[in-house]
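Here is the structure we will look at.
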Amino acid sequence: MSEYSAPLRDMQFVLNELGYLNQVTKLPGCEDLGADLVDAILSEAGKFAQGVLSPLNVIGDRQGARWHDGEVTTTPGWQAAYEQFVEGGWNALSCHPQFGGQGLPRLVSALVEEMWNGANVSFGLCPMLTRGAIEAIELCGSAYLKETYLAKMISGQWTGTMNLTEPQAGSDLAAVRSRAEPQGDGTYRVFGQKIFITYGEHDLTDNIVHLVLARVPGAPEGVKGISLFVVPKFLVQPDGSLGARNDVRCASLEHKLGIHGSPTAVLAFGDNQGALGWLVGEENRGLEYMFIMMNAARFSVGIEGVGLSERAYQRALAYARERIQGTEAGAKHRDKVAIISHPDVRRMLLSMKARTEALRAIACEVAAAMDCAERHPDPAHRQASQAFVDLMIPVVKGCSTESAVDIASLGVQIHGGMGYIEETGAAQHLRDARITTIYEGTTGIQASDLVGRKIARDGGQAIGLVMGHMRQDIERLASSTDPVLMRIARALADAVSALDAAVAYTVSNFKDNAPQVLAGAVPLLELFGTVAGGWLMARSALVADRQLKAGTTEQDFYRAKLLTARFYTEHLLPRAEGLARIVVEGGDAVQDMDISLF
């Protein structure tokens with residue numbers, strides 16, 4: 001069974017030749033981050049992903065985390081790997097230097113994160129949740145919370161969690177019932193039950209810092225009455241040492257379709273006197289603060305999709321090269337050949353490859369904008385970058401994860417009957433990927449956010465600016481005399497026009513007929529992601545064409561880039577017009593179907 005191998009050359013291409021690293025190194029605090037240093041970071045991360053995390057992926061799936069009497073034991077090898085992870089400084093990569101972080105831009109850490117998820121997504125979930133908790137405390141926590149928790153969370157000595165949903169609530173956080181009773185000394189006693197808590201209990205660290213949504217007495221009903229609390233597994237003494245066990249207990253672990261190495265806990269708070277907690281920020285603003293974690297987590301879940309897509313592609317490619325079956329169509333000889341020689345297998349592999357490369361480029365486009373939104377000296381530029389990030393987060397999360405399921409399914413298909421057999425490993429990627437479309441808000445929630453908050457609310461201005469950038473690149477492509485680039489330009493122009501029509505329909509109709517528009521929200525999300533991927537693949541084609549004509553020594557690499565972009569144009573971009581038609585014309589069929597008729 002093959003191990004994961006970090007796609008370093010493609011990452012270098014996206015960083016250096018699509019220009020994202022150049023953008024980021026001009027920002028304050030990033031001036032010394034040259035290509036050589038970034039290459040060294042990615043190379044070392046790739047070694048850790050391949051040599052340490054990837055070999056644990058199968059045993060994590062087959063054995064998983066174990067629960068016994070409230071305690072959780074992770075998969076054999078997990079503890080040693082996590083110790084190496086912390087010793088290598090990987091947890092602190094993009095965290096603020098004030099509390100021990102390395103302060104690297106999100107652009108770099110996103111690609112490192114992709115490697116963790118490609119090699120072992122169950123392992124990668126732990127630092128992902130910790131980083132979200134860190135960001136919430138950094139931005140909204142008191143001086144006490146920052147001084148008490150951040151240094152050890154950033155180093156990885158302690159981990160963090162997000163405690164949102166409850167059995168009766170699901171994605172409807174307005175239904176949260178957990179309560180927090182003030183003690184008069186600045187602390188609260190928290191009572192309630194939380195479900196689906198990733199790494200809510202484990203044996204990797206001495207302490208776990210839970211961020212918990214709960215209601216204080218007299219809080220308003222609904223989402224406006226939710227507060228956010230830090231509730232540690234162990235209380236922290238004034239000198240920083242650990243004290244008594246807090247009143248929080250792991251009642252059980254969920255039995256899941258995939259990600260078996262990641263313990264998903266049911267947590268009970270306050271079986272006795274109540275779990276001691278500290279308010280983050282102000283009362284009744286917890287959901288606002290939690291969305292700091294949520295947006296970071298949604299981007300990271302999108303990165304999970306990219307990593308899983310890459311891994312499924314690598315496994316399918318290795319199998320297609322090794323598996324001898326059938327004769328080659330059109331060949332004069334009747335020798336048996338590897339299945340990669342068969343046209344339909346090549347088509348599936350190209351679909352996996354093209355979509356993965358497009359998703360990686362979109363993620364890097366957004367990560368670079370995140371860095372600009374945080375670091376750029378011009379407030380107007382920061383504001384514009386943040387508007388782009390807000391627009392694109394649902395796309396990164398929704399499209400990357402939905403694509404990961406499709407790509408992993410193609411991987412099973414390429415394996416044929418052996419793909420349905422667990423020993424090949426292809427099925428694990430499909431099972432692991434399936435949760436990503438649900439994590440941190442389902443695809444429908446992402447699509448509704450995109451349509452209502454990100455497109456209709458501003459009258460389509462933010463997405464209009466993005467389409468303007470797309471049209472500028474179409475002009476660059478169209479000015480070429482190369483027939484492939486001209487064909488890409490025409491296809492991308494048609495796709496952008498389809499997106500424009502869908503956006504115009506959404507803006508015109510959302511206020512008066514939101515249900516009908518929302519019936520096409522997921523198709524619009526897919527449409528936007530497909531066109532955005534085509535846009536960045538077109539830019540890749542421009543770079544590859546220029547390199548080939550300049551006589552590069554990497555002829556095969558750039559030919560593959562150009563052909564992959566061409567495949568995306570001819571096989572994936574044509575979907576745009578059909579998706580736009582669904583958005584504009586498909587809502588009636590959904591709304592006209594009365595509930596009683598199901």
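The values are calculated or read from the model by the stated rules, or taken from the named source; none is laboratory data. Since we're looking at a predicted model, the values are computed, not measured. Cβ sites come from the backbone with ideal geometry, for glycine too, and all protein chains shown count toward neighbours.
Note on the stretch 515-598: enclosed helices (runs of 4 or more DSSP H) holding 1 or more residues that are free of Cβ contacts under 8 Å to residues at least 40 places away in the same chain, within 28 Å of ALA478 (Cβ to Cβ) and acidic (Asp, Glu) are 555-567. Note on the stretch 407-426: residues that are in a helix (DSSP H, G or I) and either farther than 26 Å from ARG298 by Cα or free of Cβ contacts under 8 Å to residues at least 40 places away in the same chain (or both) amount to 13. Across the stretch 330-383, the number of residues qualifying as assigned to a loop (DSSP other than H, G, I, E, B) and either at negative phi or acidic (Asp, Glu) (or both) comes to 9.
Just to be sure I understand the filter: pairs with C-beta atoms under 9 Å, separated by 6 or more residues or on different chains, first member in the stretch 337-364 and touching a residue at least 12 places away in the same chain (Cβ under 8 Å) and of a type outside the set (D, E, K, R), second member assigned to a loop (DSSP other than H, G, I, E, B) and buried (at least 21 other Cβ atoms within 10 Å of the Cβ). Which pairs pass? Listed pairs, sorted by first residue: THR356/PRO7. Remark: GLY160 falls outside the filter, which requires a residue to be touching a Lys or Arg at 6+ places or on another chain (Cβ under 7 Å), surrounded by 20 or more Cβ atoms within 10 Å (Cβ to Cβ) and either under 30 Å from GLN50 (Cβ atoms) or without any contact (Cβ under 8 Å) to a residue 40 or more places away in the chain (or both).
Looking at the stretch 4-42, which of its residues are of a type in the set (D, E, K, R) and surrounded by fewer than 17 Cβ atoms within 10 Å (Cβ to Cβ)?
Just the residues of the stretch 4-42 that are of a type in the set (D, E, K, R), to begin with: 9-10, 17, 26, 31-32, 36, 39.
Listed by number, the residues that qualify are ARG9, LYS26, GLU31, ASP32, ASP36, ASP39.
Restricting attention to the stretch 426-475, which residues are charged (D, E, K, R) and closer than 29 Å to PHE123 by Cβ? Talk me through it step by step, then tell me what you get.
Of the residues in the stretch 426-475, the ones charged (D, E, K, R) are 431-432, 434, 440, 449, 453-454, 457-458, 471, 473, 475.
Within the stretch 426-475, ARG431, ASP432, ARG434, GLU440, ASP449 qualify.
Residues considered: GLN84, GLN79, GLN102. Of these, the only one that is at pLDDT below 95 and within 18 Å of TRP158 (Cα to Cα) is GLN102. Would it be correct to say that VAL24 is touching a strand residue (DSSP E or B) at 6+ places or on another chain (Cβ under 8 Å) and either among the hydroxyl-bearing types (Ser, Thr, Tyr) or not assigned by TED's automatic domain parsing to the domain that holds ASP545 (or both)? Considered against the rule, which asks whether it is touching a strand residue (DSSP E or B) at 6+ places or on another chain (Cβ under 8 Å) and either among the hydroxyl-bearing types (Ser, Thr, Tyr) or not assigned by TED's automatic domain parsing to the domain that holds ASP545 (or both), VAL24 comes out as no. For the condition buried (at least 18 other Cβ atoms within 10 Å of the Cβ), assigned to a helix (DSSP H, G or I), free of Cβ contacts under 8 Å to residues at least 60 places away in the same chain and out of contact with any strand residue (DSSP E or B) (no Cβ under 6 Å at 6 or more places or on another chain), VAL503 qualifies.
Take the conditions more than 21 Å from the chain's Cα centre (by Cα) and among the β-branched types (Val, Ile, Thr) and apply them to VAL52. Does it pass? Spell out how you get there, then give the answer.
Numbers: more than 21 Å from the chain's Cα centre (by Cα): yes; among the β-branched types (Val, Ile, Thr): yes.
Yes, satisfied.
Against the condition over 22 Å from the mean Cα position of the chain (by Cα), at pLDDT 95 or above and either surrounded by 22 or more Cβ atoms within 10 Å (Cβ to Cβ) or within 24 Å of ALA373 (Cβ to Cβ) (or both), how does ALA45 come out, does it pass? Answer is no for this residue.
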